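Only one structure is covered here, and it is reproduced in the block below.
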Amino acid sequence: MSEHVYHLLLVEDSQAEAHLFKEVLRTWAVRHLLSVVRDGWEAMAFLHNHGYYSESPRPDLIFLDLTMPGLDGFETLRQIRHDEDIEVSSIPVIVLTNSSAPSDVKRAYQAGANCYITKPQSLEQSYELMAAVEWFWFEINKLPPPCVPPVREASEQ
């Protein structure tokens, strides 16, 4: 496994689902930092370092739920893919949602998803799935090197 620390962003409105996601990621060998936002509006603020998220790191990989209040996952995905900042529009997005409806799968890929995963029904399945996600995205697939925050000079602080 790489010695890099990858920044992951989870866009999930359910606190229970976010907690489960965090617990399952504890088994990953790849070094990572996880940030969690509750909806598409927060995700876009995070990606553009607005407001509360002014110091947020640029994620290397986004996990996106589709069903959220406000700006849903489909529209969030479209906004990410059409963002003027190439550093934002090129971030890989894994849709991680409860829906297995073919129409949702099709819409997600049409909006620019890199991967579509239906959330597992059991804790054991969650561990197995996320082990496979780690293996694929960090061993098989080649991601760009992790984003490194800019170094600030002492006079800038």
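We did not get these values from a lab; they are worked out from the coordinates using the rules stated. It should be emphasised that the depicted structure is a prediction, and the values quoted were computed from it without experimental measurement.
Values as computed for the structure displayed
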| item | result |
| --- | --- |
| Extension gain (nm, one decimal) between GLN15 and ILE117, 0.36 nm per residue minus Cα-Cα | 34.8 nm |
| Geometric extent, Cα atoms of region 98-146 - Rg, Dmax (angstrom) | 12.8, 34 |
| Cα-based reach from LYS22 at 19 Å (exclusive), listing lysines while leaving out same-chain residues under 8 positions away | LYS119 |
